[in-house]
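What follows draws every value from the coordinates through simple rules; no lab data is involved. The structure displayed is predicted, hence computed values, not measured ones. Quick reminder, even Gly has a Cβ in these numbers, built from the backbone with ideal geometry, and neighbours come from all protein chains shown.
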Amino acid sequence: MERVAKKIKINDSNICINVVGAGLAGCEAANYIANKGYIVNLFEMKPQEFTRAHKSSDYCELICSNSFKNKSITSATGLLKQELIRIGSLILKCAYDNELPAGSALAVDRDNFSKQVTYSIKSNPNINIVTKRVNSIDELIVNDSTYTIICSGPLTTDNLADSIMSTIGDNNLYFYDAIAPTLQFDEIDFDNAYMASRYSSEDKSYINCPLTKEDYDKFYNFLVSAETVKLKKFEEQKVFEGCMPVEVLAKRGYDSLRYGPMKPVGLTNPHTNSKDYAVIQLRQDNLKASIYNMVGFQTNLTFPMQQQLLKYIPALKNCKILRFGVMHGNTYLDSPNILNKFFQIKSNKNVFFGGQITGVEGYLPSTASGLVAAINCIKEIRGKNKVDFSSSTVIGSLQNYISTPPIKKFLPMNANYGIMTPLPENIRNKTKKYEEYSKRSLEVLEKIISDYEI
């Protein structure tokens, strides 16, 4: 049942704060605002309506992968995790609470992760859930005392997308995203598979499905000729490198998979005591370890073709796909022309954006953008200086990236050292260099948290 939106009286003004979308960015934003003592209306259309990619009524449903990537402090994604933890990220707390074995990566039980986030949001007394599909920005921008953060995500509905474009006077950009199939553990043939992580036979986080050259030839020839789903909604296809369908990557060349998701490096097959010609890795997908996903195997093959493809993988020839891979359209803004570094619309100080729609790529950058939008929305309401985390931090480098006009066309970006402010001195040793990035970032962040009372 839909609840009536509430207002909170602050500084003798009736302030109404709205967040659209209960994904990673939206939940992070709503949680931060609520914990600052404000009542926030969180608009979410589930469970009344679902997108093609979503199935669960819980919030923060992880679609493409169950991995939040590397945990190491000497990686950009690992450093971003530490930054978010220091600011009090709800999403990361829930992720670590539901962590699965995945080597150096932070993988989670998707269902339990989503359930914990949903419970945290629904049990927060300052978060007012409004179960409703938002079709227009105008519904939420009623006066100067209303503030809205739009975190509608890459699957923004057509009506809301049209309304956004009407408001900002620009055109949407589209790309495609893909989801990998999942399989049942007890159907995997371990006479043709083994458990190990790259460079560590002791770490059994991954199931490895080897292929000989003969196996690979048959697999490759079938894959590049297999039927794909015809995409009708959008005229132009753009694919993130990190979410590229496996069949698209395969068509780049015979060895493209063997240097990509099927690379055999760092693994020794205990059945043969030698390196395999190619390997498909499976990563644990739930806490019971009963479901595994095919790492790097996002696909747009038709469902029958996906099932048939498994026949060419010896370890998976008896498996039935539990959740088929699908493609779905993603939407993002030409952010440098629309947003400032506070994720705020340049033309309207009361409207902010967060999540992948802003042009950040990946789960944690989306989470971070929602958090930054919420922090600066509160600063705007209170008439305080808004927060630039600076490009010495990963969070700040994402702020800078989405608000800086590119040399060519603006394209979404994940967390990486390349968009951060370079170190003052060149350090040849990569590990030491990344340790210095981390040390500098966390020192800068701690000062910003203190100075801005975040």
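Numerical summary
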read-out: Separation in nanometres of the label points that stand 7 Å from Cα toward Cβ, at VAL142 and TYR452; value: 3.0 nm
read-out: Whichever aspartates and glutamates have a C-alpha closer than 17 Å to that of LYS218, once near sequence neighbours (fewer than 8 apart) are set aside; value: GLU227, GLU247, ASP255, ASP276
read-out: In order through region 244-261: 3J(HN,Hα) via Karplus (6.51 cos²θ - 1.76 cosθ + 1.60), integer Hz, x for Gly, Pro; value: 5, x, 4, 6, 5, 4, 4, 6, 6, x, 4, 8, 4, 6, 6, 9, x, x
read-out: HN-Hα J in Hz across region 97-108 - Karplus 6.51, -1.76, 1.60, θ = phi - 60°, x for Gly and Pro; value: 5, 10, 5, 10, x, 7, x, 8, 9, 9, 9, 10
read-out: For peptides 121-129, 429-437, 192-200, 61-69, sequence by mean Cβ density within 10 Å, most packed first; value: 61-69, 192-200, 121-129, 429-437
read-out: Karplus 3J(HN,Hα) series, Hz, for region 420-432 with 6.51 cos²θ - 1.76 cosθ + 1.60 (x for Gly, Pro); value: 8, 5, x, 5, x, 10, 7, 10, 6, 5, 4, 4, 5
read-out: For TYR147, TYR96, order by how many other beta-carbon atoms lie within 10 Å, fewest first; value: TYR96, TYR147
read-out: Simple spin-label estimate for THR272 and MET195 in nanometres, 7 Å along Cα-Cβ; value: 2.3 nm
read-out: Calculated diffusion of the chain, Stokes-Einstein form, Kirkwood radius summed over Cα pairs, 4 °C and 1.567 mPa s, µm²/s; value: 56 µm²/s
read-out: Dipole of region 178-328, positive end: most advanced residue of LEU316, VAL224, SER290 [Cβ charges, Cα centre]; value: VAL224
read-out: Using alpha-carbon coordinates, inclination of helix 158-168 to the longest axis of the chain, degrees; value: 50 degrees
read-out: Degrees between helix 24-35 axis and first principal axis of the chain (Cα, 0 to 90, nearest 10); value: 40 degrees
read-out: Fewest-first sequence of HIS271, HIS54 by Cβ atoms within 10 Å of each Cβ; value: HIS271, HIS54
read-out: Exposure proxy ranking, count of Cβ atoms within 10 Å, fewest first, for PHE297, PHE324, PHE343, PHE353; value: PHE324, PHE297, PHE353, PHE343
read-out: Filter on LYS71/LYS320; LYS263/LYS317; LYS346/LYS379; LYS204/LYS311; LYS386/LYS439; LYS55/LYS251 - keep pairs with C-alpha separation over 22 Å; value: LYS71/LYS320; LYS204/LYS311; LYS386/LYS439; LYS55/LYS251
read-out: 0 to 90° range, to nearest 10: angle between helix 76-87 axis and the chain longest Cα axis; value: 40 degrees
read-out: Amide proton proximity set for VAL130, modelled H, under 5 Å, gap of 5+; value: LEU42, PHE43, GLU44
read-out: Label-point separation, GLU436 to LEU423 (7 Å along Cα→Cβ), nm; value: 0.4 nm
